[in-house]
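As structure tokens, the structure follows; a few thoughts come after it.
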């Protein structure tokens with residue numbers, strides 16, 4: 001056996017130098033975040049959050065390797081019911097969440113603007129982008145969230161247009177007289193002048209309420225009609241096309257936001273805008289599928305003529321003026337915001353039935 005040769009001093013020094021120069025693998029800093037919504041993962045906006053928002057944030061952070069997020073989803077009411085989501089974020093129970101804005105029109109009235117301007121647009125993507133643009137133009141709108149210790153990231157919508165789903169047919173104006181119609185609250189104003197009685201109610205109650213006769217109809221969007229099988233108990237869809245709405249906002253707990261590294265903040269902001277646009281695309285796609293499915297399941301769509309829609313619009317109270325007054329009581333430029341919104345709709349060639357800012 002040949003004796004082992006000792007390494008030369010030069011070789012030893014070179015080996016040590018190479019070892020010291022080799023990159024040291026760094027582990028990413030882990031940030032724990034609780035994501036909250038009262039609705040379950042089957043709801044479209046939550047599904048897009050799970051399928052798009054979370055993976056996209058993870059992908060962008062992985063590109064640098066500096067940070068990673070340990071997501072702790074709390075959907076379906078595990079932490080908060082509908083009106084409690086904002087509270088859970090305000091009081092440090094959750095870190096990021098999806099707010100259903102129609103339940104907080106007293107706190108963040110801006111989001112009621114599309115609801116206060118019906119029969120203007122069915123393009124939820126356009127509406128969401130316009131609402132974001134208003135935030136960018138009027139910093140006071142972003143600041144309004146700080147009263148509740150949260151940071152606003154984006155507005156989003158999963159409603160292409162509201163229509164009337166009925167248990168019995170509709171043939172002519174006056175056929176809604178005395179019927180009990182359910183809605184979220186804000187949109188029940190669309191029934192004024194129709195003879196129907198508005199009843200504040202929620203999506204989770206609609207099927208049973210229609211089946212038992214507690215309600216004769218609901219103000220609803222296409223995806224929900226099929227997703228919750230409402231056509232089984234209310235097979236008549238009056239195609240009023242009241243318009244789309246932004247009913248969601250992604251916000252982050254203020255204390256969480258302040259401790260986040262700038263890189264993570266930037267990624268969350270950018271991906272939130274991507275979420276807004278992805279949700280709009282999914283809303284349009286699913287609404288198209290839902291219309292087809294509704295027909296296949298025996299549903300009957302009842303169209304309204306241009307004249308009938310114009311008549312319905314003319315018969316409504318001045319909802320936009322009421323909204324302007326509410327905004328200006330809070331020291332916000334409601335009339336100017338309304339004008340900007342309506343002009344954006346006209347510039348985009350929307351089928352505006354009533355020009356709410358010109359009255």
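The values are calculated or read from the model by the stated rules, or taken from the named source; none is laboratory data. Computed from a predicted model, the values in this text were never measured in an experiment. Note that each Cβ is placed from the backbone with ideal geometry, even for glycine, and that neighbours are counted across all protein chains shown.
Look through the stretch 275-300, keep the residues that are over 20 Å from the mean Cα position of the chain (by Cα) and surrounded by 13 or more Cβ atoms within 10 Å (Cβ to Cβ), and return whichever of them is farthest from residue 45 (Cα to Cα). Spell out the reasoning first.
Pass one, the stretch 275-300, residues over 20 Å from the mean Cα position of the chain (by Cα): 291-300.
Now narrow it down to the ones that are surrounded by 13 or more Cβ atoms within 10 Å (Cβ to Cβ): 291, 293-295, 297, 299-300.
Working: 291: 19, 293: 20, 294: 21, 295: 24, 297: 25, 299: 25, 300: 27 Å.
Checking each candidate, the answer is 300.
Of all residues being within 20 Å of the chain's Cα centre (by Cα), farther than 15 Å from residue 124 by Cβ and not in a strand (DSSP E or B) in the stretch 207-253, which is modelled with the lowest pLDDT? Just the residue, please.
The selected residue is 227.
Going by what's in this entry, would residue 123 be described as within 18 Å of residue 154 (Cβ to Cβ) and crowded, with 19+ Cβ neighbours inside 10 Å? Even if it seems obvious, please write down each step before you answer.
Details: within 18 Å of residue 154 (Cβ to Cβ): yes; crowded, with 19+ Cβ neighbours inside 10 Å: yes.
So residue 123 fits the description; yes.
Could you give every pair whose Cβ atoms fall below 8 Å, whose first residue belongs to the stretch 48-67 and is under 17 Å from residue 34 (Cα atoms) and in the same structural domain as residue 269 (by TED's automatic domain parsing), and whose second residue is exposed (fewer than 14 other Cβ atoms within 10 Å of the Cβ) and at pLDDT 95 or above, counting only separations of at least 6 or pairs across chains?
67/29; 67/30; 67/261; 67/263
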